[in-house]
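One structure is given below, encoded as structure tokens.
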Amino acid sequence: MFGRRALTALLALLPLAGACQKIAGFRDFGGSGQAESGVGDACESEADCPGQVCVVGRCRLPCDNDADCNDAQLCMRDGGRNGCRLSSELSCASVGTACDSNPALACALDHTCRPPCANDSDCLPTAQACIAGTCVGNDEPGSTSGWFACTPGRSCGGSGGRDLISCDETSPGPTVLDSCSSVAACMHGTDSGACASPSCTVGSTRCSEDAIETCSDGFGFEQTLGPCASEALCELTRGQTNATQCASPACNAGNARCRDGAVESCSSDLTGYDSSKCPTEQPRCNPSAGQCISLDVDATEVTQGEYAAFLGSVNKPELPPACAFKSNFAPDSSCVATVANCTSSDCTKLPQSCVDWCDAWAYCTAAGKHLCGRIGGGILPFDSFADPGVSEWSNACTSGGEYAFPYGDSEVNKDCKGAVNQPNQTIAVGSLASCQSPVVAYAGLFDLSGNIAEWDDSCAKAATGSGAGASDECHVRGGSYLAENAELACAASRTLLRSQTSPEVGFRCCGAGQ
């Protein structure tokens, strides 16, 4: 191989006349100023490059690493063979495009032609790294202060941390893309590569669906409270000053209640109830079902006059198995003896007492009705006696679950005939006008609290069931003329045995016969 001085001396001996003559078999390679036969020729295989290697479409001197190439040129890898980069491949104009001198190479960030790569394994093992899509030698001149001088990607640094810096993106090493007005503008610009512009006012809030978001730095919102139970409750909370928790729902999804003769259902946004007035044909309300219903309850307790007429009729129903102990329907004589003498002008209007559960059941059945029990008919479950969504009597007393007493929520003893409202004896049914509901749909149902307690078709055993009999516990409702305070509430109850009688206990009927 000839050195540079030998080649210069040889050229000086050539004739100068006429056209210059090429020295056959000598070419410049690797930017070294040396010459080697065939180096730089186009090739397809080793056969095209005697004594050299065919790498990236050119004949090249073989190498194991960059140090094997003159002038610290790149040792390039291709298909398991390594060869030195040519001097003609040192310079290129358009970064990211194929090199004009060798389309198999890519124009890198330093405007030199380099082998393209997807990862480090496409380059020389341990000696090179794949950076910005081309192979870079670990020991190239200036690589430690350029290519390898930063962490890949974009970051913020410089004065006050406001400079938007890219690594190996527009040139080898760190490059300042832009100087931003604030660190936040820089941080929010790392994805786009340009300083971000404020998108919101610091401290402003919004509801994103059902969660409150706050603009903390001017460049976007982040969740600070929630999620709330609904978007409307989120907006309600957002309007409060210094709120630390979401506004509570006014009701739960699916909840329903009865108010003033209307069915109210919890609104979809949980901020309150939507109301639907009950129609004339179904004026009353079932809070459990959230439906208007046609609930038929007698206006008053059964009177002594009405019960006497029943005793005198021949229309006596067949009793259920639980009433097998009965032989007649007359009020219990020993009980009647304890009742205060009637001093009114018409004693037949006093409520009938001293009758047992079977007497009450028989009277209502004979009248084409039934002893008040379950809404829609049937026996009321023993433990559901106070549920206005299940119990006919409770629904009537509470105005569909709206009130604790027939007349309202606040206890007023004088409104109904209890112990406070003297004398301590029953009064004519319906004679105390204050003892009724203020709700139009339930008005006209008298004495559901006080006067006389009332048998309910709610016993520990069903009257038609196996083992039912005289000793079954059954609920009596509403309190009596001897009761006061909480004993007069709609939810109050005591129990008697099915066969027991009391001067304080009578009954009323509900609906059509079942």
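Here are the criteria: (1) open to solvent by 10 Å² or more (accessible area, probe 1.4 Å); (2) more than 18 Å from GLY261 (Cα to Cα); (3) touching a Leu at 6+ places or on another chain (Cβ under 8 Å). Tell me which single one ALA362 does not satisfy.
The one condition ALA362 does not meet is (1).
Restricting the range 451-470 to residues that are of a type in the set (A, V, I, L, M, F, W, C) and under 15 Å from ILE379 (Cα atoms), which is most open to solvent (accessible area, probe 1.4 Å)?
This residue is ALA460.
With the condition kept exactly as written, say whether any residue in the range 302-317 is touching a Phe, Trp or Tyr at 6+ places or on another chain (Cβ under 9 Å), modelled with pLDDT under 95 and open to solvent by 50 Å² or more (accessible area, probe 1.4 Å).
yes
Does SER410 satisfy being modelled with pLDDT under 95 and either closer than 24 Å to THR495 by Cα or over 37 Å from the mean Cα position of the chain (by Cα) (or both)? So that I can check it myself, show each step before the final result.
Working: modelled with pLDDT under 95: yes; either closer than 24 Å to THR495 by Cα or over 37 Å from the mean Cα position of the chain (by Cα) (or both): yes.
Here the answer is yes, as SER410 does meet what is asked.
Output the residues belonging to the range 71-92 that are part of a helix (DSSP H, G or I) and either loosely packed, with under 15 Cβ neighbours inside 10 Å or in contact with a helix residue (DSSP H, G or I) (Cβ under 9 Å, 6 or more places away or on another chain) (or both).
Those that are part of a helix (DSSP H, G or I) and either loosely packed, with under 15 Cβ neighbours inside 10 Å or in contact with a helix residue (DSSP H, G or I) (Cβ under 9 Å, 6 or more places away or on another chain) (or both): ASP71, ALA72, SER87.
Quick one: ALA486 ticks every box in (1) of a type outside the set (Ser, Thr, Tyr); (2) assigned to a loop (DSSP other than H, G, I, E, B); (3) under 48 Å from the mean Cα position of the chain (by Cα) bar one, so which box is it?
(2)
Only one of ALA340, ALA360 is assigned to a loop (DSSP other than H, G, I, E, B), closer than 30 Å to ILE427 by Cβ and in contact (Cβ under 8 Å) with a residue 24 or more places away in the chain; which?
Only one candidate qualifies: ALA340.
Exactly one condition in (1) touching a Phe, Trp or Tyr at 6+ places or on another chain (Cβ under 8 Å); (2) touching a residue at least 60 places away in the same chain (Cβ under 8 Å); (3) in a loop (DSSP other than H, G, I, E, B); (4) more than 16 Å from VAL355 (Cα to Cα) is not met by THR426; state its number.
(4)
Residue-by-condition table, conditions (1) small (Gly, Ala, Ser); (2) without any contact (Cβ under 8 Å) to a residue 12 or more places away in the chain; (3) in a strand (DSSP E or B); (4) surrounded by fewer than 17 Cβ atoms within 10 Å (Cβ to Cβ):
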| residue | (1), (2), (3), (4) |
| --- | --- |
| VAL202 | no, no, no, yes |
| ALA229 | yes, no, no, no |
| ALA232 | yes, no, no, no |
| LEU236 | no, no, no, no |
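Return a yes/no flag: does the range 431-445 have any residue that is outside any strand (DSSP E or B), at positive phi and modelled with pLDDT of 95 or more.
Checked the range 431-445: at least one residue is outside any strand (DSSP E or B), at positive phi and modelled with pLDDT of 95 or more.
Counting just the residues of the range 238-254 that are of a type outside the set (A, V, I, L, M, F, W, C) and buried (at least 16 other Cβ atoms within 10 Å of the Cβ), which one comes out modelled with the lowest pLDDT?
ARG238
Would you pick out the residues in the range 489-514 that are assigned to a loop (DSSP other than H, G, I, E, B), farther than 28 Å from GLU318 by Cα and of a type in the set (Gly, Ala, Ser)?
Applying the first criterion (assigned to a loop (DSSP other than H, G, I, E, B)) to the range 489-514 yields 489-492, 498-504, 507-508, 511-514.
Right, trim to farther than 28 Å from GLU318 by Cα and you get 489-492.
Scanning the range 489-514 gives ALA489, ALA491, ALA492.
Go through the range 258-292 and give me each residue that's in contact (Cβ under 8 Å) with a residue 40 or more places away in the chain, of a type in the set (Lys, Arg) and surrounded by fewer than 20 Cβ atoms within 10 Å (Cβ to Cβ).
Residue satisfying the conditions is ARG259 alone.
Looking only at the range 25-68, which residues are among the aliphatic types (A, V, I, L, M), modelled with pLDDT under 90 and open to solvent by 20 Å² or more (accessible area, probe 1.4 Å)?
Residue satisfying the conditions is ALA67 alone.
Does LEU496 meet the test of being out of contact with any Leu (no Cβ under 9 Å at 6 or more places or on another chain) and open to solvent by 20 Å² or more (accessible area, probe 1.4 Å)?
Yes.
Restricting to the range 257-307, give me the number of residues that are over 22 Å from PRO227 (Cα atoms) and within 21 Å of the chain's Cα centre (by Cα).
Kept after step one, since they are over 22 Å from PRO227 (Cα atoms), are these residues of the range 257-307: 257-265, 274-307.
From what is left, the residues that are within 21 Å of the chain's Cα centre (by Cα) are 265.
Final tally of qualifying residues: 1.
Give ASP100, ASP120, ASP110 a once-over and let me know the one that is open to solvent by 70 Å² or more (accessible area, probe 1.4 Å), of a type outside the set (Gly, Ala, Ser) and closer than 14 Å to GLY137 by Cα.
Working: ASP100 fails: closer than 14 Å to GLY137 by Cα; ASP110 fails: open to solvent by 70 Å² or more (accessible area, probe 1.4 Å).
Result of the check over ASP100, ASP120, ASP110: ASP120.
What pairs come up if the first residue lies in the range 308-335 and is in contact (Cβ under 8 Å) with a residue 40 or more places away in the chain, the second is of a type in the set (Val, Ile, Thr) and open to solvent by 40 Å² or more (accessible area, probe 1.4 Å), and their beta carbons are under 7 Å apart, counting only those six or more places apart or on different chains?
Taking only residues 6 or more apart or on different chains, the pairs are PRO317/THR365; PRO320/THR464; PRO321/THR464; ASP332/THR501; CYS335/THR501.
The values are calculated or read from the model by the stated rules, or taken from the named source; none is laboratory data. Model, not experiment: these values are computed from the prediction. Cβ sites come from the backbone with ideal geometry, for glycine too, and all protein chains shown count toward neighbours. Only protein heavy atoms, including side chains, enter the accessible area calculation; ligands, DNA and RNA are left aside. Shrake-Rupley method; radii C 1.70, N 1.55, O 1.52, S 1.80 Å.
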